[in-house]
1. What's the angle, to the nearest 10 degrees (0 to 90), between helix 44-90's Cα axis and the longest principal axis of the chain?
2. Could you state the accessible area per residue of the chain in Å², with a 1.4 Å probe and every protein chain left in place?
3. Any idea how far apart LEU53 and MET16 come out in nm if each label point goes 7 Å out from Cα toward Cβ?
4. What number, in percent, do you get for the relative contact order of the chain if the mean sequence gap of Cα pairs under 8 Å and at least 6 apart is divided by its residue count?
5. Using only Cα atoms, find the angle between the long axis of helix 18-38 and the longest principal axis of the chain, and express it within 0 to 90 degrees, rounded to the nearest 10.
6. Taking the Cα centre of the chain as the origin, how large is its charge dipole in debye, to the nearest 20, when only Lys and Arg (+1) and Asp and Glu (-1) carry charge on their Cβ atoms?
7. What's the carbon and sulfur percent of the stretch 1-71's accessible surface, probe 1.4 angstrom, rounded to a whole number?
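The values are calculated or read from the model by the stated rules, or taken from the named source; none is laboratory data. Model, not experiment: these values are computed from the prediction. Don't worry about glycine lacking a Cβ; one is built from the backbone with ideal geometry, like all the others, and counts go over all protein chains shown. Quick note on the areas: whole protein, heavy atoms, side chains included, nothing else; ligands and nucleic acids left out. Shrake-Rupley method; radii C 1.70, N 1.55, O 1.52, S 1.80 Å.
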Amino acid sequence: MTVEILGRTFTLKGSMPQDSLHAVAREVDAQLRELQQAFPTRPLSDLAILAALNLAYECLESKEDHQQLQTEIETRSKQLIQILEASDSSFLPGP
């Protein structure tokens with residue numbers, strides 16, 4: 001499949017669904033265009049590095065957010081299990 005980034009055509013191959021590849025290419029293109037407007041005199045190689053850093057930072061933030069949510073889910077799940085176990089034992093008939 002082919003994608004266009006900054007007016008250049010690239011042929012991509014991979015196991016990722018085509019919709020996802022197009023979305024990734026659009027995001028890279030948008031990042032580069034934004035940086036090109038902000039820094040019009042910088043060489044494309046500098047802009048590519050800045051875009052890579054921006055995207056890597058966003059990825060790192062997402063991973064950290066995911067880890068935080070996963071930890072929170074595990075904590076809440078344990079609390080709910082404890083509540084359910086405590087309430088379940090209160091319904092057991094006494095001696």
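1. It is inclined by approximately 10 degrees.
2. 83
3. For LEU53 paired with MET16, the spin-label model returns 2.2 nm.
4. Details: 34 pairs, mean separation 15.4, N = 95.
Relative contact order here is 16 percent.
5. 60
6. 360
7. On the way: 3030 of 5490 Å².
Result for the stretch 1-71: 55 percent of the exposed heavy-atom area is carbon or sulfur.
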